Amino acid sequence: MTEEGVSSMSEALAQKITDEVEIVWVEGEEALERYDYVRQDLVKTPTRRGVPRITWDARIVGYANLKTDAEPPAVLGSGRWERRVFYVKPQDRSEAEADGERVRYQGSTPTEAVDPRTVKPRVVGTLTDRARGRSALSENAPPSGERASAQSAEEKGMLF
């Protein structure tokens, strides 16, 4: 995906999160160190606050609460809001390591991933080297020839 595509997605999301007042981390703020990345998505909910429901196989680790006077978007109709939810799936790096399973996203991330330390109310989260698994890769760095080709791909913008 081009940088423009990523930027447009971020801008579209930024327009939808203007009524956020807080991000609630289910395990507490100190637990954020456990997650190199979390997945970020918008869910439609009948409430402005509290843990939203999701219908996919994942564990919610955080969510956004909205202003008490936040109006539902006209496209959703009365009584439905869009709120951000942050979650991990069973195959994610943090979960696989905890279960002793093979790590799926060792040197990459799913497309909806963000570094939880960059998430704030009304601020779209971003990817960092840590979220991408780069800090873990430096410990198990490939031989110099492989490292050069990896750097070349990175310089060209192929991060996933």
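The values are calculated or read from the model by the stated rules, or taken from the named source; none is laboratory data. Fair warning: this is a prediction, and the values are worked out from it, not measured in the lab. Backbone-built Cβ (ideal geometry, glycine too); neighbour counts: all protein chains shown. When the accessible area is computed, the model is the full protein with side chains, heavy atoms only, and any ligands, DNA or RNA have been set aside. Shrake-Rupley method; radii C 1.70, N 1.55, O 1.52, S 1.80 Å.
Over segment 6-46, with the other protein chains present, what is the accessible area per residue in square angstrom, probe 1.4 angstrom?
It amounts to 55 Å² per residue over segment 6-46.
Could you pull out the chymotrypsin sites (Phe, Trp or Tyr not before Pro) across segment 7-100 that fall in loop regions by DSSP (anything but H, G, I, E, B) with no more than 13 other Cβ atoms inside 10 Å?
Of the chymotrypsin sites (Phe, Trp or Tyr not before Pro), the ones in loops of segment 7-100 whose Cβ has at most 13 other Cβ atoms within 10 Å are 56.
Starting from the Cα of residue 42, step 7 Å along the direction of its Cβ; do the same at residue 134; then give the gap between the two resulting points in nm.
Result: 2.9 nm between the two label points.
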